[in-house]
Amino acid sequence: MTVIVARPVPQRRNASQRHALVATSHMRLMMLLMLFAAAVTLVVGRLAMLGALSGRDAEARVAALAARGDIVDRNGAPLARTIDAWTIAVHPKKIIGDKMEIASRLAALMPDRGDQAWFYGQLSRNVSFVYLQRRASPALVEQVNAIGEPALVFARETQRLYPQSTMASHALGFLSTDGHGMSGMERVLDERLLDPTKAGQPVALSLDTRVQAALESELGRAMGTFSARGAGGIVLDVHTGEVIAMVSLPTFNPNRVGMAGSEELRNITTQSVFELGSTFKPITMATAMDTGVVTSFARRFDATHPLKVGGYTIHDERGDPKRWLNMAETLIYSSNIATARVADEVGPQRMQAMFRKLGFDTKPDIELREKGRPLLPTYWARTTTMTTAYGHGIAVTPLHLASAYAALVNGGVWRPATLLKVAPGHAPVGRRVISEQTSARMRQMLRLIVLRGTGRKGEAPGYRVGGKTGTAEAAVAGGYDRSRNVATFAAAFPMDEPRYVVLAMLDSPLGTKETFGWKTAAWNAAPVVGRTISRVGAMLGVVPDATRDIDVSDIVPTLWQDPSRVQPTGQ
């Protein structure tokens, strides 16, 4: 019998091989797992880093906006605030529902943003993220969320809110997407409003929202009535230079600045320069008296016929008196001819010196960055001196003129304008441009223009208004557009103790049936000022008093014509 004996050695060899294979497999598996873990760690780490960076950027933007201080008017009324709000957005590439149906429901919830076609276009964009609504209310967020589309997302963020909407938008300005001021006082005060050491301390502007609202209302009404292209207005404190109201039309909503065009964003009162016509005549008269060129108030100048100088002829309006006129009559009847004769005696050096004193050779003196440079003649011929005397051939901003009129009536001191509230006793010293005696004469003559001349429709009963109308052809490239004009009324009140200048300007107004076709300042700009003063005078602390007025008894006897015969049809 054959006995078979098992060999243990080969068995041990097979077991060792199996153990080795298992160990190798484990090692390979571990290496694979380690590589996979490393890859995952790398990806996760990269995502975390990007998330942290973007999060920090977003937090920085939110923090910057959250820390931005408030802006208020001179009485504490809010003009610009930073608030918490919701944002509604969508990831177009992740939409799983029917885009047309979603667009329909969104349009029903947010009709002010667009119709169904607009929302469908946003949902179909080839981008990863689109904002649909910012500054959304919690109720709207809840309604949009109820649509049930996962691609619609919501976030809470801080927003700059202008609670007065379009009011004083050009003075306030607006912010960029990263929370920095882009224009207006938001830009001027950017560093101050972001200063963490001054958080919670609002900045008070010189504006008064009540006065601002009234002037905007009256200018908007006139702009519509006379189909004007634009309008501007200013209320200025004659003793401090504080801008109580600043209006530029058309306007824009700083809450939705992306919907505004260049015309809406332009500040007419500080950026646009105009030939402001006969409003310059009081400046000429003040220069003549202050320099001693005209020493007798009763002295008369020939306005019996057009004035020819070289190849140029200076005319007066039809219906103006063809007489020799004294200083007051020249302003009452707004005579170009008599004004030109006065300026001819003043001469180019004295006229230019006065324009420089009033700041007409530089951009308007105010904090805003949006400022236009005046257009002054580069060559002063004899006719240049004559025509600039009545506002032809020289272009300045409405703010230039308002500051000049403040100096004419406040005792003769020019001060820079400011949009910041001035503490009592801290008004800038300014610079003297005319004597107190000349300023007193100007107050008398400006009052007579409203009582007897072209400014009669600018009167506000009880407020003793004085001012001058100005109507000039609109300057265009290469000359003038005779079909268009710029109508301005610059005034101050009360003339026995002036406190405020009020200016209204209309760009390219048209005549109406009520104005008998006239489109001059006497018919359109002057009434704006009169109505505004009647609305805001008491708010500004001026008590109407029909028993008071400035004394003009020494001038009235020198006036040759019965005031009832003067019609406000001219400049």
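The values are calculated or read from the model by the stated rules, or taken from the named source; none is laboratory data. Computed from a predicted structure; not experimentally measured. In this analysis, Cβ positions are derived from the backbone assuming ideal geometry, glycine residues included, and neighbour counts consider all displayed protein chains. Side chains included, ligands, DNA and RNA excluded: accessible areas come from the protein's heavy atoms. Shrake-Rupley method; radii C 1.70, N 1.55, O 1.52, S 1.80 Å.
Worth a mention:
- Identity of the residue in segment 95-112, open to solvent by less than 50 Å² (accessible area, probe 1.4 Å) and part of a loop (DSSP other than H, G, I, E, B), that ends up nearest to Gln159 (Cα to Cα): Met110
- Top-ranked residue of segment 76-94 - restricted to ones that are in contact with a Lys or Arg (Cβ under 7 Å, 6 or more places away or on another chain) and closer than 17 Å to Leu161 by Cβ, ranked as most open to solvent (accessible area, probe 1.4 Å): Asp84
- If the condition is being of a type in the set (S, T, N, Q), at pLDDT 95 or above and part of a loop (DSSP other than H, G, I, E, B), then segment 273-296 contributes only Thr291.
- Close pairs (7 angstrom Cβ cut-off, 6 or more residues apart or separate chains): of a type in the set (Phe, Trp, Tyr) in segment 269-287, in a loop (DSSP other than H, G, I, E, B) and open to solvent by less than 10 Å² (accessible area, probe 1.4 Å) anywhere: Phe280/Ala389; Phe280/Gly391
- From the list Ala117, Ala103, the lone residue that is touching a helix residue (DSSP H, G or I) at 6+ places or on another chain (Cβ under 7 Å), more than 30 Å from Ala80 (Cα to Cα) and free of Cβ contacts under 8 Å to residues at least 40 places away in the same chain is Ala103.
- Segment 162-187 residues that are over 11 Å from Val257 (Cα atoms), paired with ones that are open to solvent by 10 Å² or more (accessible area, probe 1.4 Å) and basic (Lys, Arg) (beta carbon under 7 Å, 6 or more apart): Pro163/Arg81; Asp178/Arg61; Gly179/Arg61; Gly181/Arg187; Arg187/Arg369
- Pairs linking a residue in segment 364-378 that is in contact (Cβ under 8 Å) with a residue 24 or more places away in the chain to a residue that is basic (Lys, Arg) and open to solvent by 30 Å² or more (accessible area, probe 1.4 Å), with Cβ atoms under 7 Å and 6 or more positions apart or on different chains, are Pro364/Lys371; Arg369/Arg187; Lys371/Lys363; Gly372/Lys363; Arg373/Lys363.
- Qualifying residue in segment 323-335 (condition: on the phi > 0 side of the Ramachandran plot and either at pLDDT 95 or above or buried (at least 21 other Cβ atoms within 10 Å of the Cβ) (or both)): yes
- So Arg187, is it more than 30 Å from Gly537 (Cα to Cα), crowded, with 16+ Cβ neighbours inside 10 Å and at pLDDT 95 or above: yes
- Qualifying positions in segment 304-318 - within 18 Å of Gly470 (Cβ to Cβ) and among the aliphatic types (A, V, I, L, M): Ile314
Residue by residue, here is whether (1) loosely packed, with under 15 Cβ neighbours inside 10 Å; (2) over 21 Å from Arg221 (Cα atoms); (3) not aliphatic (A, V, I, L, M) holds:
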site	(1), (2), (3)
Gly470	no, no, yes
Ala475	no, yes, no
Arg482	yes, yes, yes
Ala490	no, no, no
Met495	no, yes, no
Val501	no, no, no
Pro509	no, no, yes
Lys513	yes, no, yes
Phe516	yes, no, yes
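- Any hit, segment 356-372, residues being of a type in the set (Phe, Trp, Tyr), open to solvent by less than 40 Å² (accessible area, probe 1.4 Å), closer than 30 Å to Leu420 by Cβ and modelled with pLDDT of 95 or more: yes
- Answer from Arg350, Arg356, Arg341 - the residue that is of a type in the set (D, E, K, R) and closer than 19 Å to Arg299 by Cα: Arg341
- Count of residues meeting criterion [outside any loop (DSSP other than H, G, I, E, B) and touching a residue at least 60 places away in the same chain (Cβ under 8 Å)] in segment 249-268: 4
- Segment 190-209, residues that are assigned to a helix (DSSP H, G or I), touching a residue at least 24 places away in the same chain (Cβ under 8 Å) and open to solvent by 40 Å² or more (accessible area, probe 1.4 Å): Arg192, Pro196, Lys198
- Subset of segment 148-161 (residues that are outside any strand (DSSP E or B) and exposed (fewer than 14 other Cβ atoms within 10 Å of the Cβ)): Gly148, Pro150
- Test for Met289: is it farther than 27 Å from Ala402 by Cα and open to solvent by 30 Å² or more (accessible area, probe 1.4 Å): no
- Residue in segment 546-566 that is modelled with pLDDT of 90 or more and part of a strand (DSSP E or B) present: no
- Within segment 113-144, if we keep just the residues that are in contact with a Leu (Cβ under 8 Å, 6 or more places away or on another chain), farther than 14 Å from Lys99 by Cβ and part of a helix (DSSP H, G or I), the residue that is most open to solvent (accessible area, probe 1.4 Å) turns out to be Gln143.
- No other residue among Ala521, Ala525, Ala504 is in contact (Cβ under 8 Å) with a residue 40 or more places away in the chain and over 24 Å from Thr209 (Cα atoms) apart from Ala521.
- In segment 429-529, counting only strands (runs of 3 or more DSSP E) that sit wholly within it, the ones holding 3 or more residues that are hydroxyl-bearing (Ser, Thr, Tyr) span 479-493.
- Residue match in segment 431-440 (condition: over 25 Å from Ser553 (Cβ atoms), under 26 Å from the mean Cα position of the chain (by Cα) and of a type in the set (A, V, I, L, M)): no
- In segment 428-441, the residues that are closer than 20 Å to Asp551 by Cα reach residues that are part of a strand (DSSP E or B) and open to solvent by less than 70 Å² (accessible area, probe 1.4 Å) with C-beta atoms within less than 9 angstrom, at least six apart or across chains, in these pairs: Ser439/Val413.
- Among the residues of segment 155-199, those that are among the aliphatic types (A, V, I, L, M) and under 24 Å from Leu140 (Cα atoms) comprise Ala155, Leu161.
- Verdict on Gln212 being closer than 19 Å to Pro398 by Cβ and either open to solvent by less than 40 Å² (accessible area, probe 1.4 Å) or polar (S, T, N, Q) (or both): yes
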